[in-house]
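Visitor: Pasting a structure below so you can have a look.
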């Protein structure tokens, strides 16, 4: 398995751990204290950061999958565009 696969699975594990620990703190009533509230916020922040990374990773993989098909069309359009020739200098 590639390193991206391991990072993806690790990110999913961290999301599940963050959400699970926040749910545990709420279910046991520990989230009612100041320390528990900060633990819940920290766990949810951890889950959010890894979720954003997973979303970024998925979007980048989707762009790379679509990318090569779109590039030749752009290259062909760029080649057909011509530059205007400079105006001749006025002779005195």
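Visitor: From the list 44, 39, 64, which residue is modelled with pLDDT of 95 or more, within 30 Å of residue 2 (Cα to Cα) and part of a helix (DSSP H, G or I)?
Guide: 44
Visitor: Which of the residues that make up segment 13-46 are under 29 Å from residue 64 (Cα atoms) and out of contact with any helix residue (DSSP H, G or I) (no Cβ under 7 Å at 6 or more places or on another chain)?
Guide: 13, 16, 45 - these are the residues of segment 13-46 that are under 29 Å from residue 64 (Cα atoms) and out of contact with any helix residue (DSSP H, G or I) (no Cβ under 7 Å at 6 or more places or on another chain).
The values are calculated or read from the model by the stated rules, or taken from the named source; none is laboratory data. For clarity, every value in this text was computed on a predicted model and none was experimentally measured. Methodologically, a virtual Cβ is constructed for each residue, glycine included, from the backbone with ideal geometry; neighbour enumeration extends over all protein chains shown.
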